[in-house]
Amino acid sequence: MAQTMVATAGDLAALCERIRCAQRVALDTEFHAERTYTPRLMVVQIAFEQDVAIVDPLAIAQLHPLAEALAHTEVVGHALSSDLKILADRFDLVPRRVFDTQVAAAFLGYGMQISLLELVRDLRGVHLEKSQTVSDWAARPLSQRQIGYLVDDVTHLLPMHDTLVERLQATGRLEWVREECALLGDLERYRIDERRAYLRIPGATRMNRRELAVLRAIVRFRDRTARRRDVPPRYVIPDDVVAGLATLRPKSADDLAQLRRLDAGARRQHGAAILHVVAEAETLADEELPERPKRPLGTTRDTIVALLGIVVGEIARQNDVAPSLLVPRASLERVSRELPPDLAAFTQTLELSPWRVQLVAEPLWRVLQGEASLAVEGYAGGDPNIRLR
């Protein structure tokens with residue numbers, strides 16, 4: 001397939017006009033994420049029906065017009081979340097109409113994590129060369145092997161889109177996929193929930209409410225600092241040091257010196273700010289403190305979650321989709337914790353999209369009510385299967 005390099009503002013303007021006029025385009029990106037707060041785009045590939053444009057973000061200072069243009073057409077890609085998150089983080093924009101071939105394949109029995117290489121081989125009969133997977137995309141000029149790899153990554157997406165849509169229509173699942181892919185086009189999906197980011201720090205579940213308040217304050221300070229400097233948060237203060245600060249609740253520079261991994265340079269650079277945010281957290285009234293994370297369910301209710309997970313697995317098997325595509329464990333845990341009293345409340349507690357409710361709500365409810373059961377069939381014949389009765 002023919003390819004064009006886009007390395008000037010004029011080239012980009014022409015490409016953006018083509019994208020706006022196209023019914024659909026295929027998208028892929030190459031990025032480096034090791035040393036920045038937000039991954040840095042190194043290459044963007046855009047495929048049309050007959051050719052591929054390779055955009056060089058290192059040569060073009062302003063890429064916001066590209067993000068805007070992509071919002072005007074349908075964007076097809078494989079495992080698009082990481083690509084779209086970069087657009088969300090860098091430009092506060094994501095395409096509204098999205099079709100993810102990995103998501104679509106999951107509704108056709110391919111599993112949740114099928115690679116582009118495997119899907120292209122199955123649907124197109126083409127064996128892709130993946131020798132550049134760990135290539136240094138910051139190097140310029142791009143080699144011919146790199147360019148070949150970049151083109152291959154998007155060349156087959158639009159034809160696969162056609163094939164997948166045809167198969168999904170035949171199975172009656174196209175609307176399911178559209179519903180799932182619509183979630184990928186929601187900008188809020190890619191925004192960090194700063195209110196709960198602190199709960200991801202190891203050790204948070206063991207802290208009391210005052211320690212959690214200090215933890216929350218330090219994590220917010222760290223995130224603001226990392227965003228301003230465009231470095232990963234761990235480069236500002238590592239997670240284990242953040243947890244140590246929350247339990248130590250330092251009041252002075254001498255207190256900070258007790259943390260061995262908060263070195264002298266970090267204390268000089270961030271010490272005063274850390275002491276300030278800790279002091280502010282210490283002044284919060286009890287009612288302003290964050291609630292502790294929910295406790296583990298306990299043996300009986302954990303068993304209920306496991307049982308419902310088996311039922312979900314059987315429903316998934318019957319419908320040839322991955323169990324994780326149907327119901328997240330968090331939904332089952334919520335049911336086990338809240339014990340909704342009737343089918344309507346149960347369905348609401350699951351918090352599932354309509355197509356999922358249609359498949360799983362009633363069977364799960366019947367099991368909880370003792371109206372249905374699981375049985376192992378075919379064990380004696382060496383071909384066991386779990387059946388929902």
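Read-outs throughout are calculated quantities, based only on the coordinates presented, and are distinct from any laboratory measurement. No experiment lies behind these values; they were computed from the predicted model shown. Don't worry about glycine lacking a Cβ; one is built from the backbone with ideal geometry, like all the others, and counts go over all protein chains shown.
With both residues required to sit in the chain, DSSP beta bridges show an antiparallel share near 55%. Could I get the Rg over Rh figure for segment 2-190? Both from C-alpha atoms, Rh via Kirkwood, rounded to two places. Reported Rg/Rh (Cα atoms, Kirkwood Rh): 0.94.
Per the Debye calculation on segment 299-388 with a single equal scatterer at every Cα and no solvent contribution, log₁₀ I(q)/I(0) for q = 0.15, 0.17, 0.20 Å⁻¹ amounts to -0.55, -0.69, -0.94.
Rounded to the nearest 0.05, what FRET efficiency is calculated for Glu280 and Arg228 with R0 set to 25 Å and r the Cβ-Cβ distance?
Numbers: r = 19 Å, r/R0 = 0.77.
Here the calculated transfer efficiency is 0.85.
Rounded if a/c is under 1.5, else prolate if a/b beats b/c, else oblate: with a ≥ b ≥ c from the C-alpha gyration tensor eigenvalues square-rooted, which is segment 234-315? Walk me through the numbers on the way to the answer.
Working: a/c = 3.87, a/b = 2.30, b/c = 1.68.
Since a/c reaches 1.5 and a/b is larger than b/c, the shape of segment 234-315 is classed as prolate.
So if each residue of separation counts as 0.36 nm, and I subtract the Cα-Cα distance between Arg337 and Ala9, what length gain in nm does that give? Walk me through the numbers on the way to the answer.
Numbers: separation 328, 0.36 × 328 = 118.08 nm, distance 5.56 nm.
That works out to 112.5 nm of additional length.
Ranking request for peptides 174-180, 317-323: highest mean number of other beta-carbon atoms within 10 Å first, then the rest in descending order. It would help to have the intermediate numbers written out before the result.
Values: 174-180: 17.3, 317-323: 15.6.
Per-residue mean Cβ counts within 10 Å order the peptides as 174-180, 317-323.
Cα centroids of segment 5-78 and segment 97-168: how far apart, whole angstrom? Using only Cα atoms, the two centres lie 17 Å from each other.
According to the Kirkwood expression over distinct Cα-Cα pairs, how big is the hydrodynamic radius of the chain, in Å? Walk me through the intermediate numbers first.
Details: mean 1/r = 0.0408 Å⁻¹.
For the chain, the Kirkwood estimate is 24.5 Å.
Counting 0.36 nm for each residue step from Ala306 to Arg329 and taking away their Cα separation leaves a gain of 7.4 nm. For segment 212-275, the Kirkwood radius over C-alpha pairs fed into Stokes-Einstein at 25 °C and 0.890 mPa s yields D = 212 µm² per second. Extending 7 Å from Cα along the Cβ direction at Lys130 and again at Arg195 yields two label points whose distance is 3.9 nm.
Based on C-alpha pairs under 8 angstrom that are at least 6 apart in sequence, the chain has a relative contact order of 13 percent. If a/c stays under 1.5 just call it rounded; otherwise compare a/b with b/c (prolate if a/b is bigger, oblate if not). Do that for segment 122-165, with a ≥ b ≥ c from the square roots of the Cα gyration tensor eigenvalues. Prolate is the answer for segment 122-165, as a/c is 1.5 or above and a/b outweighs b/c. Label separation (Gln50 vs Thr299): 7.1 nm, computed from points 7 Å beyond Cα along the C-beta direction.
Using per-residue counts of other Cβ atoms within 10 Å, averaged over each peptide, order 91-102, 263-274, 281-292 from highest down.
On the way: 91-102: 20.7, 263-274: 14.3, 281-292: 12.3.
Ranking the peptides 91-102, 263-274, 281-292 by packing returns 91-102, 263-274, 281-292.
Taking all C-alpha pairs of segment 32-140, those more than 22 Å from each other amount to 40 percent. Model label sites at Glu377 and His72, defined 7 Å from Cα along the beta-carbon direction, differ in position by 5.7 nm.
What are the equivalent ellipsoid semi-axes of segment 125-283, built from the alpha-carbon gyration tensor (square roots of five times its eigenvalues), in whole angstrom, biggest first?
Numbers: eigenvalues 428, 113, 28 Å².
Three semi-axes, in Å: 46, 24, 12.
Taking 0.36 nm per residue of separation and subtracting the Cα-Cα distance, full extension of the segment from Phe91 to Ser252 would add 54.0 nm.
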